[in-house]
Amino acid sequence: MTRAASWAILLLGITYFVLPLLGMVEFSLSMRRGEYSFDAYAAVLADPQFRQTFSYSVVMALLTIVFGILLVVPTAFWVRLKLPRLRPVVEFVTLLPLVIPAIVTVFGYIRLYNTSSWLPLTGTIFGTNLLLMFGYAMLSLPYMYRAVDTGLRTIDVATLTEAAQSLGAGWVTIIVKLILPNVLVAVLSGSFVTFAIVMGEFTMAALLNRPAFGPYLQLMGANKAYEPFALATIAFIITWACMGLIQLVTRFTKHDKAGR
Amino acid sequence: MSFLTISHLEKSFGVTRVVKDFNLDVEKGEFISLLGPSGCGKTTVLRMVAGFESPSAGNITIEGREVSSLKPNQRNIGMVFQAYALFPNLTVAQNVGFGLRVKGVPAREIAARVEEMLALIGLPELGDRYPFQLSGGQQQRVALARALAPKPQVLLLDEPLSALDAKVRVSLRNEIRAIQRELGITTIFVTHDQEEALSMSDRIVVMHQGVAEQVGSPFEIYNAPATRFVAGFVGTLNTLDAQVLDPATGRVKLGENELTLGRAVPPGEATLGLRPEMLRLGAHPGEAALTGTITELDFLGSVIRLRIDLGGQKLAVDLFNTTRQAPPKVGETVSLALNPADALVIGA
């Protein structure tokens, strides 16, 4: 293939991806007739419902990330260290959220945890929030587990664990001081993906009736013209900022060449 | 009572017994090597001492304290691994001080001990580096310092030199031995390299198929192997089938040659073991003489190794290389001198 053909294909690809985005941004700036303005963004940012739903989803995303790390890092570590034969089974389980629709899961939750059940989580706001966080953690499981497992693959988990044990370290010390720092980039990758999933998730939040950003996006899309595009642009900026942060963390991790 | 006692140790994985009735008494400050081929059970024994494997049977005691049931982090045993196993996210100084931090030693004492350890391994200026910034030899030195920093009762070395190149391996083994002597720490060293075991150890345990075939000093292991396996595994050994002519005097027939060993041997067929360096070219008064034909000649630098056909049996002979004498030629018929006392009669 000639150099010119390669460039042509590259340009075509870039155009394919960038043109719709430019169109979206351009439209989001066209609220005022005859000139570009940030009116749609101002309207969105001035909306108290935006601030409420956005901050709710950010808090939920952070809690989901913490819960996901606490669940996934020790699990992936233990499976690699002690139960390598169970790895395919665990991988299969973590992939299930990709094939089971969120609506099925959330109806399952509502049936299992409704007010007349043995664990009536939906009876309180705190319980429903907790349920939603578990749901988010489940949705992000395929990405979080894969990221952490890939990170663990780059270090000799068994030998590092034995070395730490021979120096007197217990399991908590090993996971917190040795394993987690060595898979930090992987954990952050999984965390940013989790963040993006939670910020845009609609089904679970809507059916559990929680004031999240996803349902707000849907509401705006159904009732306004320019504001949804401003919101979509904001969502893209957040996602790209997360990607940029992953790159930054990767670059500034001093020991990233070690332990291979 | 010995400092470290291993009694009737057994280990099975499923139906496979990988360690069988292993017994060993180690004195304080002794350097013991477990030597054997891959899969002989030497690393499994070491891992049971460290606590990473649970024995199927038997006991391990250190200073009279039974440790078999203790977790690895409760045994106060230092270990150095083949793959270095330095913590990639910690600097050299943090790696060395890790065990002390886990124990809750005050920061000032940790700093002093780390400094002392880095000086001991000859890397005082590398405390701020990360493991990936070090060579293999430097990483293994740091791993040694890390294992020694918490002052363990026993040091375990699991093939620590295997991943290093030949020159570094030789210099580091001398350093390890010097540090071990200086600290007087009881050490168990696992290796499949007989040269390492012979050069470093106070005593060697030769292992084969999960069994300790012989325990002895390097001199005993090399010169008086107890079994055919030990004789064949440690050093190069010519094994020759001989017919016993006179069991009382040890007169045997080797091909067309006859040899009197001067000691009693069992009647019938015997297997003789001859080290290549025990044989010399030419006739020497008072020594037995054998005649054979040179079939191969390998120039190995300081040594010239000849392959000699001795009436159908092959024999390796090592000669020192000297500029004063030209090496013999392939096809030449030569006579070989041997002190009969050097010939080993190999048992089962």
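The values are calculated or read from the model by the stated rules, or taken from the named source; none is laboratory data. Remember, predicted model here, so these are calculated numbers, not experimental data. Heads up, the Cβs are rebuilt from the backbone with ideal geometry, glycines too, and the neighbour counts pull from every protein chain shown.
Could you grab me the full set of residues in region B:328-348 that are surrounded by 15 or more Cβ atoms within 10 Å (Cβ to Cβ) and over 26 Å from residue B:263 (Cβ atoms)?
B:328, B:334
For region A:197-232, how many residues are among the β-branched types (Val, Ile, Thr) and either within 16 Å of residue A:62 (Cβ to Cβ) or at pLDDT below 90 (or both)?
Qualifying residue count for the region: 2.
Could you check region B:80-94 and list, in sequence order, the residues that are more than 7 Å from chain A (Cβ to nearest Cβ) and either in contact with a His (Cβ under 8 Å, 6 or more places away or on another chain) or in a loop (DSSP other than H, G, I, E, B) (or both)?
Hits for region B:80-94 are B:82, B:84, B:86, B:90, B:91.
Mind listing whichever residues of region B:264-302 are closer than 17 Å to residue B:241 by Cα and of a type outside the set (A, V, I, L, M, F, W, C)?
B:266, B:267, B:268, B:269, B:271, B:273, B:275, B:276, B:291, B:292
Can you name the residue in region A:140-155 that is more than 13 Å from the chain's Cα centre (by Cα) and surrounded by 18 or more Cβ atoms within 10 Å (Cβ to Cβ) and is also nearest to the other protein chains (Cβ to nearest Cβ) among such residues?
A:155
From the set of residues in region A:44-57 that are assigned to a helix (DSSP H, G or I) and surrounded by 16 or more Cβ atoms within 10 Å (Cβ to Cβ), which is nearest to the chain's Cα centre (by Cα)?
Among those that are assigned to a helix (DSSP H, G or I) and surrounded by 16 or more Cβ atoms within 10 Å (Cβ to Cβ), it is A:57.
Looking at region B:48-72, which of the residues that are within 12 Å of chain A (Cβ to nearest Cβ) and without any contact (Cβ under 8 Å) to a residue 24 or more places away in the chain is surrounded by the most Cβ atoms within 10 Å (Cβ to Cβ)?
Across region B:48-72, the extreme among qualifying residues is B:72.
Could you identify the single residue in B:268, B:273, B:286 that is modelled with pLDDT of 85 or more and loosely packed, with under 13 Cβ neighbours inside 10 Å?
Unique residue meeting the criteria: B:268.
Residue check: is residue A:164 in the same structural domain as residue A:209 (by TED's automatic domain parsing), within 22 Å of residue A:90 (Cα to Cα) and at pLDDT 95 or above?
No: the conditions fail for residue A:164.
Condition first: crowded, with 19+ Cβ neighbours inside 10 Å and outside any strand (DSSP E or B). Can you find one or more residues in region B:2-9 that meet it?
Checked against the condition, which is being crowded, with 19+ Cβ neighbours inside 10 Å and outside any strand (DSSP E or B), region B:2-9 yields no hits at all.
If the requirement is being among the aliphatic types (A, V, I, L, M), closer than 21 Å to residue A:237 by Cα and not in a helix (DSSP H, G or I), which of these qualifies: A:24, A:60, A:31?
Exactly one of A:24, A:60, A:31 is among the aliphatic types (A, V, I, L, M), closer than 21 Å to residue A:237 by Cα and not in a helix (DSSP H, G or I), namely A:31.
Restricting the search to region B:132-186, which residues are closer than 26 Å to residue B:3 by Cα, touching a Ser or Thr at 6+ places or on another chain (Cβ under 9 Å) and of a type in the set (Gly, Ala, Ser)?
Once the filter is applied, which keeps residues that are closer than 26 Å to residue B:3 by Cα, touching a Ser or Thr at 6+ places or on another chain (Cβ under 9 Å) and of a type in the set (Gly, Ala, Ser), region B:132-186 yields only B:147.
Residue by residue through region B:118-130, note down the ones that are within 13 Å of chain A (Cβ to nearest Cβ) and within 34 Å of the chain's Cα centre (by Cα).
B:129, B:130
Can you tell me how many residues in region B:15-62 are part of a loop (DSSP other than H, G, I, E, B) and touching an Asp or Glu at 6+ places or on another chain (Cβ under 7 Å)?
Adding up the residues that qualify gives 4.
Could you list, in sequence order, all residues of region A:174-198 that are surrounded by fewer than 23 Cβ atoms within 10 Å (Cβ to Cβ) and more than 24 Å from residue A:252 (Cα to Cα)?
The answer is A:197, and nothing else.
Restricting the search to region A:156-173, which residues are in a helix (DSSP H, G or I) and either surrounded by 22 or more Cβ atoms within 10 Å (Cβ to Cβ) or among the aliphatic types (A, V, I, L, M) (or both)?
Within region A:156-173, A:157, A:158, A:160, A:161, A:162, A:163, A:164, A:165, A:166, A:172 meet the criteria.
Looking at residue B:219, is it outside any strand (DSSP E or B) and of a type in the set (Phe, Trp, Tyr)?
yes
Being more than 14 Å from chain A (Cβ to nearest Cβ), part of a helix (DSSP H, G or I) and not polar (S, T, N, Q) is true for just one of B:101, B:169, B:146. Which residue is that?
B:169
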